[in-house]
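Quick notes on the structure that follows.
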Protein chains: 2
Amino acid sequence: MNHAKRVGALRRRMHSSSVAGNSIAAVLVTHLPDVRYLCGFTGSSAALAVTRRAARLFTDGRYTVQAAEEVRGAQLEIVPSNAAVTAVRWLAAQLAAQVSVGDASPKIGFDPTHTTVAELERWKAALPVARRRKLLAPVGSLVEQLRQIKDDDELSVMTEAAALGDGLFEHLLAFIRPGMAEAEVAAELEYQARLRGAEGMSFESIVASGPRSALPHGRASLAKLPKRGFLTLDFGVILRGYCSDMTRTVCLDKPTDRERSVYEAVLEAQEAAVASVTAGVACGTVDEAARGVLRKAGMADAFSHSTGHGVGLEIHEGPRVGAGQKEKLASGMVVTIEPGAYFAGEFGVRIEDMIVVTRTGGCSLTTSPKALIEL
Amino acid sequence: MNHAKRVGALRRRMHSSSVAGNSIAAVLVTHLPDVRYLCGFTGSSAALAVTRRAARLFTDGRYTVQAAEEVRGAQLEIVPSNAAVTAVRWLAAQLAAQVSVGDASPKIGFDPTHTTVAELERWKAALPVARRRKLLAPVGSLVEQLRQIKDDDELSVMTEAAALGDGLFEHLLAFIRPGMAEAEVAAELEYQARLRGAEGMSFESIVASGPRSALPHGRASLAKLPKRGFLTLDFGVILRGYCSDMTRTVCLDKPTDRERSVYEAVLEAQEAAVASVTAGVACGTVDEAARGVLRKAGMADAFSHSTGHGVGLEIHEGPRVGAGQKEKLASGMVVTIEPGAYFAGEFGVRIEDMIVVTRTGGCSLTTSPKALIEL
C-alpha cells in the first residue's frame, strides 16, 4: 500500500477545499479506518495530524512497538494520554509557526461525521482562548471520499477477501444439515475463515433459517435448521483490514412454487441492478433497477431496505446505493448489490455480490452461483 | 431484564438534572447499547425517545419483525429513514403539547459523547428555526451512568459469560502446541465459543506469542507458537449481549529466571489491585495499587496502560481504572483489573480478571488459575 501517495492526495483535496473563503491548512484525522488508510496504523486509539508539509501520528504507550512497525509516511509520537488533544495542540503550533501566505484565518479541518460533540469541546478547550472559536472547521469526509475509490493494491486484497468468502460458502454447502443449530453453521463458517487467513468477520454473521429468513438481520441463533424452507447466509471476512460481504439464500429442500417465484424475482432484481452499474450512473438509478423489478412483481413493500453500500476498510462506507441517491458511481468504487424480499412469519430471500465499478460496467468480485440451490 | 424499571430510573435522573436552570423534559437516546439497555432492542439502527410520560422506539423497515419481538416498555414506530431525526421531531411536538409546568425552556437532552457534530446539525435542521438553538442540550451520559451499576439480571448473565471464558481457557490449555499458528489458536477459541452459546467475541482475540507478547494488543497473527517463551491470551465472549474479558499469560516451556520474576511481579500487582477494590474507593487508588508494585519492582515504564475499565453491554465502558482517576467505585460495578509489563523485542506479561464491586470488597467473576502455567 502506497501511504505517502494517499497523504499526497489528501493534501491536494485540502488545497482545493476551503471554509468560508479560508484555506484548510491542516487536517486532524481521528476516524481509525481513515488513520489506517493514510499511514498503515491499525491500533485502536490514535490521531493523525496532516499539514501541507508534515504528517504526524499520535498514539499511546500500548502501541510503541506496533506503531513503529506499521506506520509509513508519517512521524510518530507516543503520548501519555488523549492523542487527539495533543495532536490539536501540535497542529495549532505548526500553523502559528508558518509564515502567513496571505491567509487571514487558516483552518484545521476535522470530519464532523466522526467527531463527537464532546470531543470537539475537548479539542477547543485545549487551544488558547483566542483561537477556540475559529481554528477548527468541519470539512466533510475528505478521507472517506478518497477511500471510496480503491487503488490497485486495495482491489487486489478485496478480490482475495471476496474469493475467501466464496470458498467458505462452498464449504458450508457441504456442511449444512437439517437439525443443526444456526449457531453451529456460524461457528463452522468463522472457524474456517480463521484457518483460511481471515483476521475476523466483517460483521456478525447472519444465518437465518425458515421463518427467521424473513429477518433481514437475523443473526445466527440457537434455532435448528428445519427440513425445508429457506436459509439465508450473509457474512463477510476481514483480510488485511479489508472487508468482504456476500449473501446467498439456499433452499433446504424442494421450494414451493411461491418460494421459487420470490427467489426468481429477487435474482432478477439483483441481476438488473448489477447490470446497471457503471461509472457515471447515479446510485439511485442502480437502486431503482432492483426496486423496479420487485415492484412489477408486486413485491415493492417486501423490499424494505436499500440496494447496497460501499465496502472497503469498513463494512459500510460510501456511497449509499439507495432510493433517490444522486451521488454518481465512479471507477474504482466497490459496492454491494443486495436486494431482498421479506414476508414476516413466512420466509425471506436476499442475494448479494460485491461489485467493482469500472468505466465499462460492473465487475463482480463474488463468484458463487446464484441459481437457486436445493440442498 | 426489567426494562420498565430502567426507564423509570432514567426519568428520575432526568428529574434531578438540569441545564442552566432549565429542566430536562425529555431524552433522546441513540447510542445502541443504551437503547438495548433501556428497551431490549438489539438492531443496528434506532433512536429511543423518552419523555416524562412516554417512551417510543424509532427504527426502520429492516427491523419490523425483530423490534416487535424484542422491545419492552416503549411504543414502537417504524420509519422510512433517519430514525433519530423523526425522534427529534416527535419529541419537539410532545414538549410543545405539554402544559407548561413553570418551566421557561424545557430541554431535550442528548449524550454529547455519542452524538457526532454532523448528527447534531441534522437534528437541529429538523426543528422549527425558532427552536433550533435552544431545544437540544448536552446532558452527559445519563444512561451510561445507570449502566455502570449492574442489576442482578445483568450480574447473572455476566457471571455466565465469565464462566464461559474460563471454560474456553481451560480448553485451550489442552489444545495449544508449539508450531501452531496464533490464528489457529484463535480459530479454535472462537469456534468453541460459538458452540458453547456465545453470540460472538467481545473484541478481536489477542493471541500473542514469544516476542509478540510484548505487544499489549497483539491480535492473533500467522506467526507460529515458538517452543519456549510466553503466550498471552486476551479474549472475551458476548453472551446475551454482555461482554466478558479475561487475560492469562502462560509459558510454553520452563521460564527463565527473568521471565519468572516479571510474571511474579505482574501477578503481585494484579492481586494487590484486586484486593484494593471495594465500594467507595477511587479508581485511581486501585490503579496505584497495581502501579506501586511494579514501580517497586523497577518496572514502572514497562506498565504502559491503565489498570482496567468497566465492562457490560460494551467491552469498554465506565469507569476508567487509570492513574489519578477520582471517580469512586460503587457496589454493582464490574471492572477489569489487568496490569501488564512489556519489554519490546523480548516478551510481555498481562493477567486480567473481571471483578464485581461490592460493599465488602471485589469479587472475581473470572476463576481460572493465575499461578504461572508451564505447558
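Averaging Cα coordinates gives a centre for segment A:238-253 and one for segment A:354-375; these two points are 12 Å apart.
Taking segment B:350-375 and a reference point 7 angstrom along Cα→Cβ of B:Ala163, the backbone N atoms nearer than 14 Å belong to B:365-368.
Taking B:Gln98, B:Gln192, B:Gln66 as the candidate residues, the one with maximal mean-square fluctuation in a Gaussian network model of chain B, Cα springs under 10 Å, is B:Gln98. Farthest toward the positive end of the dipole of chain A, out of A:Gly236, A:Gly179, A:Leu225, is the Cα of A:Gly236, where the dipole comes from beta carbon charges about the Cα centre. Neighbour counts of other Cβ atoms within 10 Å put A:Tyr342, B:Tyr263 in the fewest-to-most order B:Tyr263, A:Tyr342.
When all alpha carbon pairs of the protein assembly as shown are counted in 10 Å bins from zero, the resulting P(r) reads 3, 13, 22, 27, 23, 11, 2, 0 %. Panel values: chain B, Kirkwood radius from alpha carbon pairs, Stokes-Einstein at 20 °C and 1.002 mPa s, translational diffusion coefficient 96 µm²/s.
Measuring r between the beta carbons of A:Glu204 and A:Met180 and using R0 = 22 Å, the FRET efficiency lands at 0.75.
For A:Gln98 and A:Val129, what does the FRET efficiency come to when R0 = 30 Å and r is the distance between their Cβ atoms, rounded to the nearest 0.05?
On the way: r = 21 Å, r/R0 = 0.70.
Rounded to the nearest 0.05, the efficiency is 0.90.
Computed about the Cα centre, the dipole magnitude for segment A:3-147 is approximately 420 debye when only Lys and Arg (+1) and Asp and Glu (-1) carry charge, each at its Cβ.
Placing unit charges on C-beta atoms (Lys and Arg positive, Asp and Glu negative, everything else neutral), compute the dipole magnitude of segment A:34-84 about its Cα centre in debye, rounded to 20. Let's see the in-between values first.
Working: 6 positive and 5 negative charges, 44 e Å.
Once rounded to the nearest 20, the dipole reads 220 debye.
For the residues of A:191-198, the average number of beta carbons from a partner chain within 10 Å of their own beta carbon is 5.
Subtracting the Cα-Cα distance from 0.36 nm times the residue separation, let me have the gained length for B:Glu121 to B:Leu222 in nm, one decimal. Could the numbers behind the result be given before it?
Values: separation 101, 0.36 × 101 = 36.36 nm, distance 4.46 nm.
Extra length from B:Glu121 to B:Leu222 when fully extended: 31.9 nm.
The charge dipole of segment A:268-309, taken about its Cα centre with unit charges on the Cβ of Lys, Arg, Asp and Glu (plus for the first two, minus for the last two), comes to roughly 60 debye. Estimated from the Cβ-Cβ distance and a Förster radius of 41 angstrom, the FRET efficiency linking A:Lys5 and B:Asp253 is about 0.35. The angle between the Cα long axis of helix B:182-195 and the main principal axis of chain B comes to about 50°, on a 0 to 90 degree scale.
How much mean residue ellipticity at 222 nm does the protein assembly as shown get from its helices, if each DSSP H run of length 4 or more adds -39500 (n - 2.57) and you divide by all residues, to the nearest 500 deg cm²/dmol?
Values: 20 runs with 264 residues, N = 750.
Value at 222 nm, helices only: -11000 deg cm²/dmol.
When the Cα atoms of segment A:3-147 are aligned to their principal axes, the ranges along those axes come out at 41, 31, 29 Å in descending order.
Laboratory data are not the source of any read-out in this text; all were calculated from the coordinates shown. What you are looking at is a predicted structure, and each value in this text was computed from that prediction instead of being measured. For neighbour counting, all protein chains shown are included, and Cβ atoms are generated from backbone atoms with ideal geometry for every residue, glycine included.
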